[in-house]
Amino acid sequence: MIEWKSKLTILAARRKQIKYAVEIKVLEAKEAEAAVMEAIKTVTDVELLNRKRWIASKTIGDYKKCNKYMAEYQQIYDKQSQILGSELNDHSRRIDVAEGAITSLKEKKKMIDEGKKTKDTEIALSKIESEIERHEKSTKVEKKVVDAVKEKKDKNQKEYDEHMTKCESTKQAANIANAAVNDAATTLKNQR
């Protein structure tokens, strides 16, 4: 009985030692797990920072390229606007001249119609009619050309505006990406 009680005491003490050792190992395991999780988080943050740097590099490169070609694009746009503007002015002037000629020919025709009818007046009237017809045809053609030039001018303006908007959005994306890199780097530095 004494031997049994002594063995029981020894076993109880042994159980306490084992329980204490297991508790220590559990605490060490939890601490190791927390360290591993922190290391994984740091590695993930480093990878995230690298990804953000890559995106920022790409967007800043896109913005610099867009900005580089903007001056060239501006010159092309200005030159096209100048050419199209002069074409519009030329065609408008031709239309005005033709319409003025039509008006004066109609007045001349009216004056001849009011006068005495002779063979010469009939010939003059037919010449005037053919001249009026010729001017009206040329006016129609000129108006079509003016419409086409206006359409081209509008298209150029739209393309230019789209390019400007694209450059602006690229600049905003580059600024946002740069700020994201700075934030991620600061966060990573604070964690370390």
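Below, the figures for the structure above:
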item	result
The listed residue being within 44 Å of the chain's Cα centre (by Cα), of a type in the set (A, V, I, L, M, F, W, C) and more than 30 Å from Asn175 (Cβ to Cβ), out of Met1, Met37	Met37
Residue pairs meeting the criteria (Cβ under 7 Å; at least 6 apart or on separate chains; first open to solvent by 60 Å² or more (accessible area, probe 1.4 Å), in the range 31-48; second not β-branched (Val, Ile, Thr))	Leu48/Ala184
Some residue of the range 80-90 being within 30 Å of Ile176 (Cα to Cα), in a helix (DSSP H, G or I) and within 50 Å of the chain's Cα centre (by Cα)	no
Selection count where residues are open to solvent by 70 Å² or more (accessible area, probe 1.4 Å) and in contact with a helix residue (DSSP H, G or I) (Cβ under 8 Å, 6 or more places away or on another chain), scope the range 88-130	5
Residues located in the range 165-175, provided they are in contact (Cβ under 8 Å) with a residue 12 or more places away in the chain and either more than 8 Å from the chain's Cα centre (by Cα) or open to solvent by 70 Å² or more (accessible area, probe 1.4 Å) (or both)	Lys166, Lys171, Ala173, Ala174
Qualifying residue in the range 57-70 (condition: at negative phi, in a helix (DSSP H, G or I), exposed (fewer than 12 other Cβ atoms within 10 Å of the Cβ) and more than 23 Å from the chain's Cα centre (by Cα))	no
Conditions (1) open to solvent by 70 Å² or more (accessible area, probe 1.4 Å); (2) within 30 Å of Val97 (Cα to Cα); (3) over 28 Å from the mean Cα position of the chain (by Cα); number of the one not met by Asn190	(2)
Of all residues making up the range 91-123, the number that are without any contact (Cβ under 8 Å) to a residue 24 or more places away in the chain and either in contact with a strand residue (DSSP E or B) (Cβ under 8 Å, 6 or more places away or on another chain) or part of a helix (DSSP H, G or I) (or both)	19
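The values are calculated or read from the model by the stated rules, or taken from the named source; none is laboratory data. Computed from a prediction, not measured in an experiment: that's the story for all the values here. As a convention, Cβ positions derive from the backbone with ideal geometry for all residues, glycine included, and neighbour counts pool all protein chains shown. SASA here: full protein model, heavy atoms, side chains in, ligands and nucleic acids out. Shrake-Rupley method; radii C 1.70, N 1.55, O 1.52, S 1.80 Å.
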